[in-house]
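The values are calculated or read from the model by the stated rules, or taken from the named source; none is laboratory data. Quantities reported herein were computed from a predicted structural model and do not represent experimental measurements. In this analysis, Cβ positions are derived from the backbone assuming ideal geometry, glycine residues included, and neighbour counts consider all displayed protein chains.
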2 protein chains.
Amino acid sequence: MSDLLERLRDRGWRLTAQRRVVAEVLDGDHVHYTADEVHARAAARLPEIARATVYNTLSELVSIGEVIEVSTDGRAKRYDPNARRTHQHLVCSGCGTIRDVHPSGDPLAGLPETERFGFTVSDATITYRGTCPQCAAG
Amino acid sequence: MSDLLERLRDRGWRLTAQRRVVAEVLDGDHVHYTADEVHARAAARLPEIARATVYNTLSELVSIGEVIEVSTDGRAKRYDPNARRTHQHLVCSGCGTIRDVHPSGDPLAGLPETERFGFTVSDATITYRGTCPQCAAG
DNA sequence: TCTTGACTTAGACAATGTCCAATGTAGGAT
DNA sequence: ATCCTACATTGGACATTGTCTAAGTCAAGA
């Protein structure tokens, strides 16, 4: 059993076949699937799995912090299982490819006190955009 | 006539009543309306304006760089007319309020060469999240 | 093995956005 | 001032993404 499934069980989750396949689809560090893509891949192993179950499971994984929701394009949200090390995203404007990146320094440091308007700022999400080598070549 | 309408005319835009009211709704620095909110406000002045026209006009304003599309919550996109000075956004996790903020330094500087994977990186969008004074007090 | 509350399902519904054919009109041409 | 016509608008169908619910199913503890 993967670490993820084990952590889920530790949290008191019932380990159903549906949750297993969703977790298996997300297992790996470099996927950024939409809910529909997760559903398609899950359905390849468990054909009767419902869309709602995939949405439910993804939401639960997000709420317990095992998966991060990423919306880089204002379209479908993507689900990033690499939640254990904080990171940001680099997106190709051409093909939409998403890479995890690790900027140096604390992103919050760039926001001066005078620009905080009394907010308690706890987090910064950065999306870098550019052109990937393949799109630059093509 | 506002500067914005003048710039649009310079670009060869036909200045229809619909485009005028959309531009007027967006005129001002601190609005971050959704397309539906823009439509509602435009319809207050020009009741027969169609949703599609608002979407069209907003898309055109975005494509010529007069307005920036912001999606901070994975739900409806918001339209930010303050496109002339680059800025980032600070969002309250409680009430969703959005403020324009101006971080110090070049956001791209935080991404080391080794984290660029051969991309030509041209832009960084930062969303700071926190709690606004009102939500902290309540 | 039984029971039970949590999970899953199918499909209706909601929110947001896009597309198209028919109609209207801004602004240049006359 | 009027006419033309290419461009803009309209209304509504459709698409995409996500949420909700009632009824059935099942994992796991007793």
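So that you can scan it fast, the table gives a plain yes or no per residue for (1) on the phi > 0 side of the Ramachandran plot; (2) touching a Phe, Trp or Tyr at 6+ places or on another chain (Cβ under 8 Å):
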{"site": "A:D3", "(1), (2)": "no, no"}
{"site": "A:Q18", "(1), (2)": "no, no"}
{"site": "A:V21", "(1), (2)": "no, no"}
{"site": "A:H30", "(1), (2)": "no, no"}
{"site": "A:T34", "(1), (2)": "no, yes"}
{"site": "A:R45", "(1), (2)": "no, no"}
{"site": "A:L61", "(1), (2)": "no, yes"}
{"site": "A:G65", "(1), (2)": "yes, no"}
**Complete:** Residue pairs qualifying under the 7 Å Cβ cut-off, at least six apart or on distinct chains, with the first in the range B:3-15 being at pLDDT 90 or above and the second being exposed (fewer than 11 other Cβ atoms within 10 Å of the Cβ) and assigned to a helix (DSSP H, G or I), are none
**Request:** Working carefully through the options A:G105, A:G94, A:G118, find the one that is more than 30 Å from B:V62 (Cβ to Cβ), modelled with pLDDT under 95, touching a helix residue (DSSP H, G or I) at 6+ places or on another chain (Cβ under 8 Å) and not assigned by TED's automatic domain parsing to the domain that holds A:R11.
**Result:** A:G105
**Message:** I'd like to know if the range A:43-50 contains one or more residues that are touching a Gly at 6+ places or on another chain (Cβ under 8 Å) and not aromatic (F, W, Y).
**Reply:** no
**Message:** Restricting to the range A:21-55, name every residue that is within 13 Å of the chain's Cα centre (by Cα) and among the polar types (S, T, N, Q).
**Reply:** A:T34
**Fill in**
Restricting attention to the range B:9-25, the residues that are assigned to a helix (DSSP H, G or I), touching a helix residue (DSSP H, G or I) at 6+ places or on another chain (Cβ under 7 Å) and not β-branched (V, I, T) number exactly 4
